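Below: the structure, in structure tokens.
Just so it is clear, none of the values below were taken in a lab; they were calculated from the coordinates. Remember, predicted model here, so these are calculated numbers, not experimental data.
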Amino acid sequence: MAAVPGMYDYPSKSAYLHLVNYEAFAVQMAEIHKRNGFLDEAKAVLRVKNQITIQRICMKAALKLKEKSQQQETLYGLKTAFAIIDEVAEKG
């Protein structure tokens, strides 16, 4: 799985879970190749698995940043709402 341009701009939980599933599939395929004696193929699959692991870790970090920014927006909105309520209370 090659990195898609903008892959981390709009991270989603489903994209993260897709990477988790793909990583698990790669591990299973590597084990099958090892068991059948195809060591070169197993090494190639494990290299792909390592790339997927890096992408998964980056996606998880992007999801955390997205959640954090959404929380900050919510807090800013609440502060603004309380400021408006305070202004109305002072006028009334």
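What the table shows:
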quantity: Reachable lysines, given that their alpha-carbon falls under 21 Å from the alpha-carbon of K64 and they are not under 8 places away in the same chain; calculated: K13
quantity: Reach of K60 by Cα under 19 Å, taken over aspartates and glutamates that are not fewer than 8 positions away in the same chain; calculated: D9, E23
quantity: Within straight-line cross-link reach of K91, lysines at Cα separation under 27 Å, skipping those fewer than 8 residues along the same chain; calculated: K79
